[in-house]
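J.: Take a look at the following structure, please.
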Amino acid sequence: MHFAFTDQQLGFRDAVRQLLAKECTTADLRTAYEDPSARPARWHSLAGLGVVGLTAPEAAGGLGLGLVDLVLLLEEAGRVALPEPLTDTTALAVPLLVELGAGTTPAAGRVGAWIEAVARGGLAAAVGTDRAPGDAVAGADGADLVVLASVAADGTPEVHVLDAGAVAVEPVPSLDPTRRLGRPVWSPTSDTLLGSGPEAATALSRTADRAAVAVGAELLGLAEALLGRAAAYAKERQQFGRPIGSFQAVKHLLAGAQVRLEFARPCVYGAAWALDVGTPDSSRAASVAKAYASEAGLEAARVALQVHGAIGYTWECDVHLFLKRTWALAEAWGSAADHRARLLDSLLAGPRRPQGSATA
Amino acid sequence: MDQPLDLRFTDAEEAFRAEARRWLASHAPPPRALPSLDTAEGFEAHRSWEREMAADRWSVVSWPEEYGGRGVGLLEWLVFEEEYWRAEAPLRVSQNGIFLLAPTLFEFGTAEQRARFLPPMATGDEIWCQGWSEPDAGSDLAGIRSRARRSDAEGGWVLTGQKTWASRGAFAEWCFGLFRTDPDAERHRGLTYFLVDLASPGVTVRPIPQLDGETGFAELFFEEVVVPDAQVLGEVDRGWNVAMATAGSERGLSLRSPARYTEAAGRLVDLYQHGLARDPERTRRSADAVAQAWMDAEAYRLHTLWTATRVLEGGSVGAEASANKIHWSETDLAIHRAALAVLGPEAEVHGGGVDAPWLDGFLFALAGPIYAGTNEVQRNVVAERLLGLPRG
Ligand SMILES: Cc1cc2nc3c(=O)[nH]c(=O)nc-3n(C[C@H](O)[C@H](O)[C@H](O)COP(=O)(O)OP(=O)(O)OC[C@H]3O[C@@H](n4cnc5c(N)ncnc54)[C@H](O)[C@@H]3O)c2cc1C
């Protein structure tokens, strides 16, 4: 039992934090709001550090690492509300492509090239495998690659991959324009098919679990950014002749949200480990992570807005940039309530007390 | 540290678990077989259980062997607690001593004090209560008025005053408490931490029935009670710092191990499943609350492992203990509220029956946000010390 990150993992986190502090400021976010289609240099800077290709095999130019290595970096992405699709590309698309890439479909034959393009060139993917046909998919507008699921006429689950050139995407307006929602106009063909049947079903459910944890990690970063901004504002803003942060009502709002965040953190980290190792209860851990992180994010968002008063309700104040991403991600890949329902089903079907771990 | 993140216990830790499980399986009384520890009879029954555990060195596993422990680490202690709660073994009548005073004795006590006080604490022969609160000093602990004056004639200290809400005070043998030794000093200075034999002349104990009608705590009156110098813990006039170490144990890693809640959360799911079979429609309305309560316990387990690793690497727990206390007390309430909701009209049935622990557990959980420093006061600490907000 050793529940802590290595110095190397923490060092990588610090390097990414430094990079994003420079290249993903709130001014940069506002630029992205104005023109979401611009491709800023930071995605390539991240690729250059090895972040984008972190989960790609070393042979393909990646780092061959897992979610435990990635969660701290996703937290940093959340902290600055990074517009680029790090979760979709690195946490979801690459592992899914690797998992189904050994098959014999035409798309499987292209997996190697796609993964190399991620690792070397910063290819950006969108993953909408939990979306029904016709639903908007985050990041699909402008993605190089879109990964989708469908169900064949006989009920067989399928995973399809669409190259940007091969699919039209209708942009869909979002509360947070940098989410770049898009509705892919497509129909499944034998050429887009990556995998089907039980392997595809397993890969899809693993993708959903990874998404819960990866998005959960982003929410941790967002919550920390929101609470940090709110606490700083509470120290500086004066009313009744003293800082509003000295009022107990304000303190208790912030403290309540801080406690939630502190307890969400180990849930996300523990679930990342469970998915990497493939423990029997890893799906359950992913649900705990997403439910806790969603609640922590929503609470931080509510409190941060309230503590800022009217200034927080303006376009001018930066807080809304983090609020909007939080509201979007809290519902993405399963809300807190969805994950609680999923958890309870799993508890009713299996063990419900700590199991020890010799067999894990 | 370059050790990779890994949530598995080692083979050695699992072997320790197996040994604890075997011992508990053949020794622990059946769940709820003993009378309540808040009765004279129950107190003695729980003391006998402490003796039985101590005889086989299971009462204080993390203490050094010389004091009756097994010298195991923090992680083994957490494993032991998992097995203890899984076995639904009796509540620990000696908890104030073993979980709160003992860590403070290890940090501040002299070798003589440890040798004198730890072994009988481990066996349950001397059971301790905590004498901090006074009628006019609750949240504002530094406002205590009970006094101690040094007397050369008596060769020690003479204590006068009143303590209240002392858990298990009605039946305990000893009390650790704070007394004002320098009335002229600033409020937090001039306090001293004393170890007091409640059989001393001048001590009067008045039991106080709690919400559930049982004698869970007591008022303690001190009239010219003589306490030798050897029973001052830490430095004279520096008792506040010593008391804060005890409070850290109470709110942090020591008093409430996660197993208490993960076991109750497991039983909550059992209860929910039982309810589904009896009245599915009504039971399903509690689904979200049951899942949330289970998760709260799981989050506490993971958070504790996270903190334990930090402590084992030389880190310390400061104001984080306040966040911890808020979480465990709210988790306990969430679990028991959900259970009562699942029980529905059965919830109010008291005594006997398989569901009895839920009602008693609920009543006890209600005290959680009050004792060990109220949750409002802990939120002040989180805001000021973790978020850096101004005092006042
Ligand atoms: C079951 C139980 C067991 C106990 N066991 C022991 C024991 O063994 N030994 C012992 O010494 N004590 C014990 N206590 C007492 C406990 O420590 C006190 O109850 C606690 O510190 C609060 O003090 P009080 O009851 O005087 O409430 P008060 O301090 O009078 O508080 C009343 C209310 O005001 C709020 N409040 C007070 N100050 C502030 C503030 N600054 N900011 C915001 N809100 C505030 C409180 O949060 C609370 O809601 C026990 C209490 C209970 C319920």
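The values are calculated or read from the model by the stated rules, or taken from the named source; none is laboratory data. Please read all numbers here as calculations on a predicted model, not as lab measurements. So basically every Cβ, Gly included, is an ideal-geometry build from the backbone, and we count neighbours across all protein chains shown. These area figures cover heavy atoms from the full protein model, side chains too; ligands, DNA and RNA do not enter into them. Shrake-Rupley method; radii C 1.70, N 1.55, O 1.52, S 1.80 Å.
J.: A:Gln239 - would you say it is within 24 Å of the chain's Cα centre (by Cα), polar (S, T, N, Q) and on the phi < 0 side of the Ramachandran plot?
T.: Here the answer is no, as A:Gln239 does not meet what is asked.
J.: Can you tell me how many residues within segment A:81-122 are open to solvent by less than 20 Å² (accessible area, probe 1.4 Å), more than 13 Å from A:Val161 (Cα to Cα) and over 11 Å from the mean Cα position of the chain (by Cα)?
T.: 3
J.: Can you find a residue that is out of contact with any strand residue (DSSP E or B) (no Cβ under 6 Å at 6 or more places or on another chain) and without any contact (Cβ under 8 Å) to a residue 40 or more places away in the chain anywhere in segment A:74-81?
T.: No, the conditions are met nowhere in segment A:74-81.
J.: Could you run through segment A:1-24 and say how many residues are away from chain B (no Cβ under 14 Å) and either free of Cβ contacts under 8 Å to residues at least 40 places away in the same chain or among the aromatic types (Phe, Trp, Tyr) (or both)?
T.: Here the count works out to 6.
J.: Here's another thing I want to ask about it. Could you pull out every one of the strands (runs of 3 or more DSSP E) wholly within segment B:152-216 that has 1 or more residues that are acidic (Asp, Glu) and at negative phi?
T.: The qualifying strands (runs of 3 or more DSSP E) are B:191-197.
J.: Exactly one of (1) within 14 Å of chain A (Cβ to nearest Cβ); (2) touching a residue at least 12 places away in the same chain (Cβ under 8 Å); (3) surrounded by fewer than 21 Cβ atoms within 10 Å (Cβ to Cβ) is unmet by B:Leu343. Its number?
T.: For B:Leu343, the failing item is (1).
J.: Ok, one more. Hey, among A:Gly241, A:Gly245, which residue is over 16 Å from A:Val71 (Cβ atoms), crowded, with 24+ Cβ neighbours inside 10 Å and free of Cβ contacts under 8 Å to residues at least 40 places away in the same chain?
T.: Going through A:Gly241, A:Gly245 in turn, just one is over 16 Å from A:Val71 (Cβ atoms), crowded, with 24+ Cβ neighbours inside 10 Å and free of Cβ contacts under 8 Å to residues at least 40 places away in the same chain: A:Gly245.
J.: Tell me the residue from B:Ala289, B:Ala265 that is within 11 Å of another protein chain (Cβ to nearest Cβ) and more than 25 Å from B:Trp306 (Cα to Cα), please.
T.: B:Ala289
J.: May I pose another question? When the residues of segment B:136-153 are narrowed to those that are out of contact with any Gly (no Cβ under 9 Å at 6 or more places or on another chain) and open to solvent by less than 30 Å² (accessible area, probe 1.4 Å), which ends up nearest to the ligand (Cβ to nearest atom)?
T.: Looking at residues that are out of contact with any Gly (no Cβ under 9 Å at 6 or more places or on another chain) and open to solvent by less than 30 Å² (accessible area, probe 1.4 Å), I get B:Gly143.
J.: If A:Gly64 satisfies all but one of (1) surrounded by fewer than 23 Cβ atoms within 10 Å (Cβ to Cβ); (2) out of contact with any Pro (no Cβ under 6 Å at 6 or more places or on another chain), what's the number of the condition it fails?
T.: (2)
J.: Shifting gears a bit: Is there any pair with a first residue in segment A:306-329 that is over 16 Å from A:Ala293 (Cβ atoms) and part of a loop (DSSP other than H, G, I, E, B) and a second that is modelled with pLDDT of 95 or more and among the aliphatic types (A, V, I, L, M) whose Cβ atoms are under 9 Å apart and which are 6 or more apart or on different chains, and what are they?
T.: A:Cys317/A:Ile311; A:Asp318/A:Leu29
J.: For segment B:92-135, what are the residues that are β-branched (Val, Ile, Thr), open to solvent by 30 Å² or more (accessible area, probe 1.4 Å) and either assigned to a loop (DSSP other than H, G, I, E, B) or within 12 Å of the ligand (Cβ to nearest atom) (or both)?
T.: Hit for segment B:92-135 is B:Thr110, nothing else.
J.: Taking segment B:15-52 only, how many residues are in contact (Cβ under 8 Å) with a residue 24 or more places away in the chain, within 14 Å of chain A (Cβ to nearest Cβ) and of a type in the set (D, E, K, R)?
T.: Residues that pass the stated criteria total 2.
J.: Now for a separate question. Looking at A:Leu222, A:Leu194, can you tell me which residue is touching a Ser or Thr at 6+ places or on another chain (Cβ under 7 Å), assigned to a helix (DSSP H, G or I) and away from chain B (no Cβ under 11 Å)?
T.: Just one listed residue meets the conditions, A:Leu222.
J.: Report, by residue number, each residue of segment B:1-30 that is in contact with a strand residue (DSSP E or B) (Cβ under 6 Å, 6 or more places away or on another chain) and modelled with pLDDT of 95 or more.
T.: B:Asp6 - this is the single residue of segment B:1-30 that is in contact with a strand residue (DSSP E or B) (Cβ under 6 Å, 6 or more places away or on another chain) and modelled with pLDDT of 95 or more.
J.: Could you tell me which numbered condition B:Phe221 fails, if it satisfies all but one of (1) within 16 Å of the ligand (Cβ to nearest atom); (2) outside any strand (DSSP E or B)?
T.: All conditions are met except number (2).
J.: Identify the single condition in (1) aliphatic (A, V, I, L, M); (2) within 23 Å of the chain's Cα centre (by Cα); (3) closer than 30 Å to B:Arg284 by Cα that B:Val269 does not satisfy, given that it satisfies every other one.
T.: (2)
J.: Hey, can you tell me all the residues within segment B:154-192 that are hydroxyl-bearing (Ser, Thr, Tyr), away from the ligand (no atom under 15 Å from the Cβ) and open to solvent by 10 Å² or more (accessible area, probe 1.4 Å)?
T.: Within segment B:154-192, B:Thr160, B:Thr181 qualify.
J.: Here's another thing I want to ask about it. Scan segment B:368-392 for residues that are touching a strand residue (DSSP E or B) at 6+ places or on another chain (Cβ under 9 Å) and touching a residue at least 24 places away in the same chain (Cβ under 8 Å) and jot them down.
T.: B:Tyr371
J.: Give all pairs with beta carbons closer than 6 Å in which a residue from segment A:28-51 that is in the same structural domain as A:Gly11 (by TED's automatic domain parsing) meets a residue that is among the basic types (Lys, Arg); count only pairs at least 6 apart in sequence or on separate chains.
T.: Listed pairs, sorted by first residue: A:Pro36/A:Arg180.
This table checks each residue for (1) touching a Leu at 6+ places or on another chain (Cβ under 8 Å); (2) within 16 Å of the ligand (Cβ to nearest atom); (3) in a loop (DSSP other than H, G, I, E, B).
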position	(1), (2), (3)
B:Glu298	no, no, no
B:Leu305	yes, no, no
B:Arg310	no, no, no
B:Gly314	no, no, yes
B:Gly318	no, no, yes
B:Val342	yes, no, no
B:Tyr371	no, yes, yes
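J.: Criterion first (part of a loop (DSSP other than H, G, I, E, B) and within 8 Å of chain A (Cβ to nearest Cβ)) does B:Arg379 satisfy it?
T.: no
Listed here are the residues, each with its yes/no results for (1) crowded, with 24+ Cβ neighbours inside 10 Å; (2) at pLDDT below 95.
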site	(1), (2)
A:Cys267	yes, no
A:Ala272	yes, no
A:Arg284	yes, no
A:Ala296	yes, no
A:Ala301	yes, no
A:Val319	no, no
A:Ser335	no, no
A:Pro354	no, yes
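J.: Looking only at residues in segment A:114-127 that are under 16 Å from A:Leu86 (Cβ atoms) and not aliphatic (A, V, I, L, M), which one is modelled with the highest pLDDT?
T.: Per the criteria, the residue is A:Gly122.
J.: Report yes if B:Gly392 is on the phi > 0 side of the Ramachandran plot, open to solvent by 30 Å² or more (accessible area, probe 1.4 Å) and within 15 Å of the ligand (Cβ to nearest atom), otherwise no.
T.: So B:Gly392 fits the description; yes.
J.: Given the criteria at pLDDT below 95, of a type in the set (D, E, K, R) and over 29 Å from A:Val71 (Cβ atoms), does A:Asp154 qualify?
T.: Judged against the criteria, A:Asp154 is not a match.
J.: Any idea how many residues of segment A:233-252 are more than 9 Å from chain B (Cβ to nearest Cβ) and out of contact with any strand residue (DSSP E or B) (no Cβ under 9 Å at 6 or more places or on another chain)?
T.: 6
J.: Still on this structure, please answer the following. Can A:Glu295 be described as more than 22 Å from B:Asn324 (Cα to Cα), of a type in the set (Asp, Glu) and more than 7 Å from chain B (Cβ to nearest Cβ)?
T.: no
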